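**Student:** Handing you a structure now.
The values are calculated or read from the model by the stated rules, or taken from the named source; none is laboratory data. Owing to the predicted nature of the structure, the values given are computational and were not obtained by experimental measurement. Please note that ligands, DNA and RNA were not included when accessible areas were found on the heavy atoms of the full protein model with its side chains. Shrake-Rupley method; radii C 1.70, N 1.55, O 1.52, S 1.80 Å.
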Amino acid sequence: MASTTTHPFSVVIVTGASKGIGREIALRLADDGFDMTINSRNAEELELVAQEIRKKGRKALCYVGDVSAQSTVAGMVEKTVLEYGKLDVVRAF
């Protein structure tokens, strides 16, 4: 689905993205034209969501880890900025 939303942002991090509301938000943001880093503690489930995002024509970078650890969050932000050149929005679930 092509984005019909106009917004000044294009890169987002979504945590808890392997299932539930985090997954649904990630897929909706892909529909809205966002590229993203998605996070979960489950690599296999996360990769399935990434494949769905890529099928929508958006970029998806998987970052596996527990966001209760400061080093995980710092690494995820750093990798996102290195990959996309910026970070506009963080959505945590």
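**Student:** Got a sec to turn the phi values of segment 39-49 into Karplus ³J(HN,Hα) couplings, 6.51 cos²θ - 1.76 cosθ + 1.60 with θ = phi - 60°, whole Hz, x for Gly and Pro?
**Tutor:** 10, 6, 8, 10, 4, 5, 5, 5, 5, 5, 5
**Student:** Let me ask something additional. Amide H to amide H, which residues 5 or more places from Cys62 or on other chains are under 5 Å from it, using H placed in the peptide plane?
**Tutor:** HN-HN under 5 Å from Cys62: Ile38.
**Student:** When percent of Cα pairs over 15 Å apart is calculated directly from the model, which label among [x] 53; [y] 74; [z] 64 fits?
**Tutor:** Entry [x].
**Student:** Each residue of segment 81-90 in order: what ³J(HN,Hα) in whole Hz does its phi give by Karplus 6.51 cos²θ - 1.76 cosθ + 1.60, θ = phi - 60°, with x for Gly and Pro?
**Tutor:** Calculated HN-Hα couplings, in order: 5, 5, 6, 10, x, 5, 9, 9, 9, 10 Hz.
**Student:** With each run of n ≥ 4 DSSP H residues scored as -39500 (n - 2.57), what mean residue ellipticity at 222 nm is computed for the chain after dividing by its residue count and rounding to the nearest 500 deg cm²/dmol?
**Tutor:** -13500 deg cm²/dmol
**Student:** Which ³J(HN,Hα) values in Hz, rounded to whole numbers, follow from the phi angles of segment 17-22 under the Karplus curve 6.51 cos²θ - 1.76 cosθ + 1.60, where θ = phi - 60° and Gly and Pro get x?
**Tutor:** 8, 7, 7, x, 5, x
**Student:** Okay, moving on. Quick one: order Thr80, Thr72 from most to least accessible surface, probe 1.4 Å.
**Tutor:** Correct descending sequence by accessible area is Thr72, Thr80.
**Student:** Long-range amide H contacts for Phe93: which residues qualify at under 5 Å (H placed 1.01 Å from N, peptide plane, sequence gap of 5 or more or a different chain)?
**Tutor:** Sorted by chain and number, the residues that satisfy this are Thr15, Gly16.
**Student:** Work out how much length Arg41 to Lys79 would gain on full extension: take 0.36 nm times their residue separation and subtract the Cα-Cα distance, in nm to one decimal.
**Tutor:** Result: 12.0 nm gained on full extension.
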